[in-house]
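Reading through the C-alpha cells given below for one structure.
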Amino acid sequence: MDNNNKYAQVYVDIKALNINHPFDYRIPLDLYPDVSTGVTVNVPFKNRIEVGYVVNTKDKSELKCKEIKDIIKVIDKKPIFDSRKLELINWISQYYIQPLGSVIKLFIPPGVRYKKSTIRTGVKLRFRDYLFLNKDNYHKLKDKINWERNRSQKRIVDYLLLHGEVLKEKLIKDTGCSYASLNALINKNVVSAIKKRHKRDFRYDYIAGKKTGKSKIILNPYQKAALSSIESILSRNVFYKFLIEGVTGSGKTDIYIAACRKVLENKKKALILTPEISLIPQLASRFESEFGLKVCVYHSNMNEGERYERWLDIRENKFDIIIGTRSSIFTPIDNLGIIILDEEHDPSYKEGTGVRYNTQEVVIKMGEILDIPVVLGSATPSIVTRYRAEKEKDSTIIKIPVRAQTTSPLQISVIDLKKIDYQKEDVTITGKLFTAIKSELEKNNKVIIFLNRRGYSNFVICNKCGSIPKCPACDLSYNYHNDTKKLLCHHCGREKKYTGKCDICGSDNVFLYGTGVQKVQLKLQERFKNVPIIRMDSDVTVKKKSHQEILKRFISPGASILIGTQMIAKGLDIEDVTLVGVINCDSMLGLPDYHMNERVYQLITQVAGRAGRRMKKGKVIIQTYNPECRIIKDILENNYELFYECELKNRKELDYPPFSNLINII
C-alpha cells in the first residue's frame with residue numbers, strides 16, 4: 001500500500017453476471033485531473049483491455065500495491081453519472097436484481113458504444129460555420145478600408161454589428177453579398193468563423209384548438225389548493241410525494257404548468273413523464289405555449305441522432321423542462337426541482353425487456369435522493385399507489401372531484417349484447433351506437449371508438465379440420481392483420497404470410513374469428529363513407545411523428561371518427577369530442593390477472609373522459625355481455641371510492657398487493 005498513490009474503484013463492463021462489484025485500480029499521475037466518478041476508462045483485466053466506469057476515487061486501497069494495476073486511459077472525460085445518479089444506479093441494480101453494468105448503460109448517451117480505447121457512435125454530428133465580428137480589429141481597420149469600393153463588405157459588417165453571431169448561409173442570404181466579399185473580411189481578420197454543432201431540433205407543430213394557445217391559466221379553488229400544497233414543499237427543498245386524484249378533465253395539466261413555473265423561478269428544472277408517446281404532442285404543445293423553447297421532448301420515436309443530440313443538449317443545460325416517456329429519467333438533467341408522473345396508473349411505465357424496472361418506483365427513489373417533490377397524477381390511481389398514499393407519512397392525496405371547464409355530467413349508458421338480435425343487428429356496431437354516432441356527426445362533432453385489440457381478428461380457424469395457426473416460439477394463436485395480409489404474434493412479433501388456406505389440410509374454408517380495430521374501422525367506413533375515419537394503434541404509429549399526424553387529422557375542422565386501442569384512452573383533450581363508444585370490454589375482464597378489474601375500470605373511465613371536455617355535453621356508450629358486472633356498475637356510478645374499497649377488500653382476503661409483494665421470475 002503506497003500512500004502517495006490515488007486509486008479508483010472501477011466497474012468493469014463484462015458480460016459475466018456473477019461479477020457485480022468494482023475493482024481497485026491505480027490512477028497514474030498524469031490522469032489525476034481526468035479521473036472522477038462517472039468517467040469511462042480503459043483498464044487491464046486478466047490478459048485483455050476492457051472498458052470500465054469509475055464509481056469512486058480514494059486515497060487508500062486494502063490491496064497490496066503489487067496486486068493493483070494502473071488505469072490505461074480515460075476514454076471520456078465527461079462523467080456520464082455523478083454520485084447521486086450512482087446511488088440510483090446501485091439501488092436499481094440491487095432492487096430489481098439487475099447487473100450493475102446493464103443499469104449503467106441506461107445512462108450512456110443513445111448510440112454511443114465504448115470500444116477498447118475509443119468512443120464509437122452511429123451518430124454523425126453536423127457542424128456549421130457561424131460568423132462574428134472581431135470588433136477590436138474592425139475598429140483598428142475601419143478607417144483604412146475604402147467602404148465606397150467595398151459596399152458588400154460594409155453590408156456584412158453592418159449586419160454583424162446588428163445581429164451578432166450568425167450562421168454563414170443566413171448572412172449570405174440576408175445581405176445578398178458574395179462569398180468573395182466575406183472571405184476578404186475573414187482574411188483581414190475583421191470577421192471570424194467558428195464551427196458549431198448544427199442541431200436536429202425535434203419539435204411538434206401540433207395545435208389542438210383553443211386550449212394550446214397561450215392564455216392566462218385561471219385555477220379553480222381545488223386547483224389552487226393543490227398548487228399551494230406543492231409550492232409549500234418546493235419552498236422547503238425536501239422530498240415529498242403528492243397523488244393528484246382528479247377526475248378526467250379536472251385540469252391536472254394546468255396544475256403541472258403552474259408548479260413548473262414556480263420551479264423555474266427557483267432556477268431549477270422539471271421532468272414530466274407520460275406513459276405513451278401519443279400523449280406527448282398535445283402535452284408538449286401546452287408547455288411550449290407557456291414556456292417556449294425552454295421545453296424539449298425525449299422518447300424512442302425520435303431517431304438515434306435526434307435522441308443523442310437532445311441528450312447532449314440536456315447535459316449542456318439548454319432546456320429547463322423535459323417531457324418524455326420512461327427512458328427520459330436516465331437523461332443527464334442537472335439541478336432537477338420536481339418530477340411529475342402523469343397517468344401514474346398506466347402499466348406502460350413498467351419496462352419489461354432488458355433491464356426491468358418500474359418507472360414510478362425509480363422516480364420516487366430519485367426524488368428521495370435529490371430531496372425534491374414527486375407529483376403523481378391520475379383520474380384512476382392504481383390500488384397500490386392510492387393505498388400507499390393513504391398510509392405513508394411523506395405522502396398526500398389531493399382530490400379534485402370536478403371538471404375544470406364544464407359542469408355537465410357525462411351521460412353513460414350500457415348496451416346489453418345478450419339482448420341483440422344477431423339476425424337483424426350488427427353486434428360490433430349496434431343499432432343504438434350507430435344512431436348515436438350518426439347524430440353526433442350530423443352536428444359536426446367528433447366521435448371516439450375504443451376497442452383494446454389490435455389487428456383484424458383474434459385468430460384464424462379451419463372449418464374443416466379445426467386447426468388454429470400458432471406461433472412456434474410462443475405457442476399462442478396468430479392474430480390476422482388485414483392491412484398487411486399477415487398473421488402476427490402479438491407476444492413476440494413473429495409474422496407469416498396469410499394465404500387464406502389451412503396449413504394442415506389445405507382447405508380454403510377458414511374463418512377469421514373475433515374482432516379487432518381493423519375490422520371495426522372497415523365496418524365504420526362502409527356505413528360512414530364521407531366521414532374521415534382515423535385509426536390509432538401501435539401498428540400505425542411506428543414512423544416518427546405519426547402520433548402528431550394522426551391527431552392533426554382528427555382535430556381538423558369537421559366531423560370525424562377516431563378508432564383505436566388504449567393509446568387513445570388517456571390524455572387527449574379535444575373540445576369537439578362528444579361521444580365515446582366502447583365496443584366490447586368483456587375480453588379484458590376474462591383475463592387471469594388480479595389487476596384486470598382495476599385495468600378495465602381505469603381504461604373505460606379514462607376513455608369515457610375524452611367526451612364532453614368543455615361546453616359541449618358528452619355521451620358514453622358501453623357495449624357488454626355483462627352489464628350486471630360490479631366494475632360496469634361502478635363506472636356507471638362514476639364512483640372510484642366504492643370501486644377502490646371493494647377491490648382493496650378482495651385483495652386483502654387473497655393477500656395480493658398492496659398487502660404483499662410479488663416477484664416475477666423470468
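Out of residues 5 or more away from N134 or on other chains, whose amide H comes under 5 Å of its own, with H placed 1.01 Å from N in the peptide plane?
V191, S192
Among all the lysines, which ones have a C-alpha under 18 Å from K170's C-alpha, if same-chain residues fewer than 8 places away are not counted?
Counting by Cα, and skipping residues close in sequence, K170 has these lysines nearby: K154, K195, K196, K199.
Too long at a 20 Å Cα-Cα cut-off: which of K391/K570; K424/K523; K144/K188?
Pairs exceeding 20 Å: K391/K570.
Would you mind working out the magnitude of the charge dipole of the chain relative to its Cα centre, with +1 at each Lys and Arg C-beta and -1 at each Asp and Glu C-beta, to the nearest 20 Debye?
Computed about the Cα centre, the dipole is about 2340 debye.
Near the amide H of K73, under 5 Å away, which other amide H atoms are found, from residues 5 or more places off or on another chain, if H is placed in the peptide plane?
N42
What share of the DSSP beta bridges in the range 22-176 is antiparallel, in percent to the nearest 5?
About 90 percent, rounded to the nearest 5.
Leaving ligands, DNA and RNA out of it, rank K294, K652 by accessible area with a 1.4 Å probe, largest first.
Ranked from most to least accessible, the order is K652, K294.
Considering only protein heavy atoms and a probe of 1.4 Å, how much of the accessible area of the chain is carbon and sulfur, as a whole percent?
Solvent-exposed carbon and sulfur of the chain make up 50 percent of the total.
Ranked highest first by the average count of other Cβ atoms within 10 Å around their residues, in what order do 522-534, 179-191 fall?
In descending order of packing, they fall as 179-191, 522-534.
With unit charges on the beta carbon (Lys/Arg positive, Asp/Glu negative), name the residue among V263, G558, N150 whose Cα is farthest towards the positive pole of the charge dipole of the chain.
Result: N150.
So if I take the alpha carbon set of the range 532-666, get Rg, then get Rh from the Kirkwood formula, what is the Rg over Rh ratio?
1.03
For the range 612-618, just list the computed ³J(HN,Hα) in residue order, Karplus coefficients 6.51, -1.76 and 1.60, θ = phi - 60°, integers in Hz, with x standing in for Gly and Pro.
x, 7, 10, 7, 7, 6, x
Given H placed 1.01 Å from N in the peptide plane, which residues other than close sequence neighbours of A270 have an amide H under 5 Å from its amide H?
I321, I322, G337
Using the Cα atoms of the range 262-415, I'd like the radius of gyration and the largest Cα-Cα distance, Dmax, both in angstrom.
Cα-based Rg and Dmax for the range 262-415 come out at 16.8, 56 Å.
Give me Rg over Rh for the range 382-481, both radii from the alpha carbons and Rh done the Kirkwood way, two decimal places.
1.14
Do any of K73/K168; K46/K318; K252/K649; K142/K318; K399/K652; K399/K633 go past 31 Å between their Cα atoms, and which?
Violating the 31 Å limit, Cα to Cα: K73/K168; K46/K318; K142/K318.
Using a 1.4 Å probe and counting only protein heavy atoms, arrange T253, T428 so the residue with the most accessible area comes first.
My answer, sorted largest first, is T253, T428.
Just to confirm, what accessible area per residue do you get for the chain at 1.4 Å probe, in whole Å²?
48 Å²
Quick check for the range 427-494: number of Lys pairs with alpha-carbon distance under 22 Å, counting only pairs 8 or more apart or on different chains?
Pairs that pass both the separation and distance tests number 7.
Would you mind working out the magnitude of the charge dipole of the range 520-666 relative to its Cα centre, with +1 at each Lys and Arg C-beta and -1 at each Asp and Glu C-beta, to the nearest 20 Debye?
The dipole magnitude comes to about 880 debye.
Which order, highest average first, do 354-365, 379-390 follow once you tally other Cβ atoms within 10 Å for each residue and take the mean per peptide?
Listed from highest to lowest mean packing, they are 379-390, 354-365.
Relative contact order, percent, of the chain when contacts are C-alpha pairs under 8 Å separated by at least 6 residues?
11 percent
Could you tell me the accessible area of M567 in Å² (1.4 Å probe, neighbours in place), rounded to the nearest ten?
Spelled out: M567, probe radius 1.4 Å, area about 20 Å².
Which residue, G590, S395, F45, has the largest displacement toward the positive end of the dipole of the chain when charges sit on each Cβ (Lys, Arg +1; Asp, Glu -1)?
Towards the positive end, the residue furthest out is F45.
Just how many % of Cα pairs in the range 592-666 lie over 15 Å apart, if you round to the nearest whole percent?
63 percent
Taking every DSSP beta bridge that has both residues in the chain, what percent is antiparallel when rounded to the nearest 5?
Around 45 percent of the beta bridges assigned by DSSP in the chain are antiparallel ones.
If you average over every viewing direction, what projected area does the convex hull of the Cα atoms of the range 322-369 give, in nm²?
3.6 nm²
In terms of Cα to Cα distance under 16 Å, which lysines are near enough to K543, apart from those fewer than 8 places away along the same chain?
K552
If the only charges are +1 at each Lys and Arg Cβ and -1 at each Asp and Glu Cβ, what is the size of the charge dipole of the range 520-574 around the Cα centre, to the nearest 20 debye?
120 debye
Calculate the radius of gyration of the Cα atoms of the chain to one decimal place, then report Dmax, the largest Cα-Cα distance, as a whole number, both in Å.
29.6, 97
Rank P99, L167, V247 by how far each Cα sits towards the positive end of the charge dipole of the chain (+1 on Lys, Arg Cβ; -1 on Asp, Glu Cβ) and give me just the farthest.
L167
With a 10 Å radius around each residue's Cβ, average the other Cβ atoms per peptide and rank 226-234, 92-100, highest first.
The densest-packed peptide leads the list: 226-234, 92-100.
The values are calculated or read from the model by the stated rules, or taken from the named source; none is laboratory data. Remember, it's a predicted structure, so these values are computed and weren't measured experimentally. Ideal geometry is used to build each Cβ from the backbone, glycine not excepted, and the neighbour counts take in all protein chains shown. Heavy atoms of the whole protein, side chains included, go into the accessibility calculation; ligands, DNA and RNA do not. Shrake-Rupley method; radii C 1.70, N 1.55, O 1.52, S 1.80 Å.
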